[in-house]
Amino acid sequence: MTHVIHRNPKANYPVAARGEGPYIIDDAGKKYFDAGDAAVSCLGHSNESVAAAMKTQIDSIAFTHSGFFTNPAMEGLATLLSEKAPGDLNHVFFVSGGSEAVESALKLARQYFLEKGEPSRTRFISRRQSYHGNTLGALSAGGNQWRREPFAPLLMPVDLISPCYEYRGRRDDETDWEFGQRTAGELEAALLAQGPENICAFICEPVVGATLGAVPAVEGYFTRVREICDQYGVLFIADEVMCGMGRTGSLFAVEQENVVPDILVMAKGLGAGYQPIGAMMCTDEIYRAIVDGSGFFQHGHTYLGHPVACAGALAVQRFIEDNDLLSNVQLRGQQLHEGLTARFGNNAFVGDIRGRGLFRGIEIVADRLTKEPFDPALKINGKIKAAAMDEGLMCYPMGGTIDGHRGDHVLIAPPFIVDDSHIEEVVSKLGRAVDMVLKSVKA
C-alpha cells in the first residue's frame, strides 16, 4: 500500500533503486535506458563531479533565504548563464522548476509595463498545442486543451494562435518559408484584434516539446515573430524549459533561430535532475526598468537561488562545457535521426520524424497517406510507453498531438553522454515496442 498521490494512482510503478549513467535500475535489478524522463537527466544518473559539488555545498551551508543573503553558487551560476546567453540577457532569477520560471516571466512582463506607465497591457498571446507548466498562470499561457479544460474557469484569458507545425500546417501550394511567414502573421493579426496596447508578451517554445513531440519552427518564422513584437512593443518570451540547455545542440535553443528574446525561461537540463531548479533571464532594458522604477521585482518564493540546487546546476553546466558535450549532442543527435529514419522511415504508421539534437519525435498515424490519426480510445501512446518499459526503455509518448484529443507521438530525449551503442539500443528497443503495439492494433 502507498500513501503517495502518484501521477496515476492505478499504475503499478517499478521502484527505482539506483542509477548508472544513462540507466535507471529498479529494485529487481532490471535496467531501463532513460530516454524519456521529460528531457531532464542530460548527464545521466551518476555524475560524480555534480554529486561532489552538491556535497561540498551542503557541508558549507544547505540553505539561505534570498531575502537575507546571496550565496556564491547562485552568483556563479548567474554569471555563467549571462556570459553564454545571446544578446543582453544578463539578469537571472532562480526558482525551483519550469512552471515557477514561466510564472515569473509572466509577472515580470506585466510589471515591466507598469513601470513604463502602460497599465493597459494585461494580456498574453500563446500558441495552440503549447505547454508552459501546470501552475495557473503557466497553464493559462499553455495551449493544450486537455490540460486546460478541467481548470478553465480559473484561468486568465490568453489568445492562442497556430503553432509552426509544418507536418500538419503547411499547405501543398506553399513552401516552408511561406508557411512560416503565414503562421507568424497570425501573431500580428491577434495583436491587432486585441489592440497592441493591451498585450504584454507573446510566449512560445522554440522547439515544441511535450504536446507536439519535438517540433522545430521552419526557417524565418522566429525572425518574423521578433519583427512583429518589436513593431508593436510586445515582449517575446522564449520557453526553453524542455528544449534548452543544450538539448537541441546549442546551449540556448533560440541561438539556432538567430533571435534574442526579451525574457527566457529554462529548467530541466539546467540542473539535470540532481536538484529541482529553474531560471528566468531578462534583458538589461527590463531589469533597468524595474530597478530604476519601483526598485524591486514584486515576486518571490522561499527557495529562490537555493545554494545546493545552484551548486549542482553550476557543476552540470561546467561538466557539459569541459567535456564538449554540445558537440556530442550534435553528433549523436544526427545519428539518432538517421537511426529513427532507417527504422521507421518506411513504416506505414509513422507519419513524421522530426526534431533537433538529442530531442527527437515520431508521430504515429493510422494512415500515412492521409495523416489520419488513430482513434484516441485505442490509447496508442500509453501502450507504446508500457511496451517500451517492458523492453527496458523509457520514452515519452503522449496523446492529443493534433488538438489535445486526437493524435499520438513519441518523444525521445537521451542524455548528452550517449555513444554509438546507446543510440542503437534506443532505436532497437523503441522499434520493437512500436512494432508490437501497432501489430496488435492492426490485428
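The values are calculated or read from the model by the stated rules, or taken from the named source; none is laboratory data. Remember, it's a predicted structure, so these values are computed and weren't measured experimentally. Note that we place each Cβ from the backbone using ideal geometry, even for glycine, and neighbour counts take in every protein chain shown. The protein model used for the area step is the full one, side chains on, heavy atoms only, and it has no ligands, DNA or RNA in it. Shrake-Rupley method; radii C 1.70, N 1.55, O 1.52, S 1.80 Å.
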- Task: Could you tally the net charge around residue 97, taking each other residue with its Cβ under 11 Å from the Cβ of residue 97, Lys/Arg +1 and Asp/Glu -1?
- Result: -1
- Note on the structure: For residue 207, other-chain or 5+-apart residues with amide H closer than 5 Å (H placed, Pro excluded) are none
- Task: Using 0.36 nm per residue of separation minus the Cα-Cα distance, give me the extension gain between residue 154 and residue 223 in nm, one decimal.
- Result: 21.5 nm
- What does the charge add up to near residue 301, with Lys and Arg as +1, Asp and Glu as -1, over the other residues with Cβ less than 10 Å from its Cβ? -2
- Note on the structure: Once both label points are put 7 Å beyond Cα along the C-beta direction, the residue 439-residue 27 separation in nm becomes 3.4
- Query: When the solvent-accessible surface of protein heavy atoms is calculated with a 1.4 angstrom probe, in what order do 356, 127 fall, highest first?
  - Reply: 356, 127
- In whole angstrom, note down how far apart the Cα centers of the stretch 81-105 and the stretch 189-223 are. 19
- Query: Taking N as the number of residues in the chain, what is its alpha-carbon radius of gyration divided by 2.2 N^0.38 Å?
  - Reply: 0.96
- Query: Which FRET efficiency value, to the nearest 0.05, do you get for residue 367 and residue 390 by plugging their Cβ-Cβ distance into 1/(1 + (r/R0)^6) with R0 = 25 Å?
  - Reply: 0.40
- Item | For the stretch 424-443 and the stretch 361-395, distance of Cα centres in Å | 9
- Query: How big is the stretch 1-79 on each of its three principal axes, counting only the C-alpha atoms and giving the largest first in Å?
  - Reply: 44, 29, 23
- Item | Cα-based Rg / Dmax (Å) for the stretch 269-411 | 20.9, 60
- Message: Going by amide H atoms built from the backbone, whose H comes under 5 Å of the H on residue 396, apart from near neighbours?
- Response: 411
- Ranked highest first by average number of other Cβ atoms within 10 Å, how do 279-286, 172-179 line up? 279-286, 172-179
- Task: Go through 45, 299, 3 and list them by solvent-accessible area, largest first, probe radius 1.4 Å.
- Result: 3, 45, 299
- Using per-residue counts of other Cβ atoms within 10 Å, averaged over each peptide, order 188-200, 87-99, 225-237 from highest down. 87-99, 225-237, 188-200
- Task: Could you pull out every residue, at least 5 positions away or on a different chain, whose amide H is within less than 5 Å of the one on residue 352? Hs are placed 1.01 Å off N in the peptide plane, and Pro or chain starts have none.
- Result: 363
- Beyond 20 Å (Cα-Cα) in this structure, taken from 31/385; 268/379; 31/429, we find 268/379
- Count the net charge of all other residues whose Cβ sits under 12 Å from the Cβ of residue 14, scoring Lys and Arg as +1 and Asp and Glu as -1. -1
- Karplus ³J(HN,Hα) for the stretch 165-170 (6.51 cos²θ - 1.76 cosθ + 1.60, θ = phi - 60°; Hz, whole; x = Gly/Pro) runs 10, 4, 4, 10, x, 6
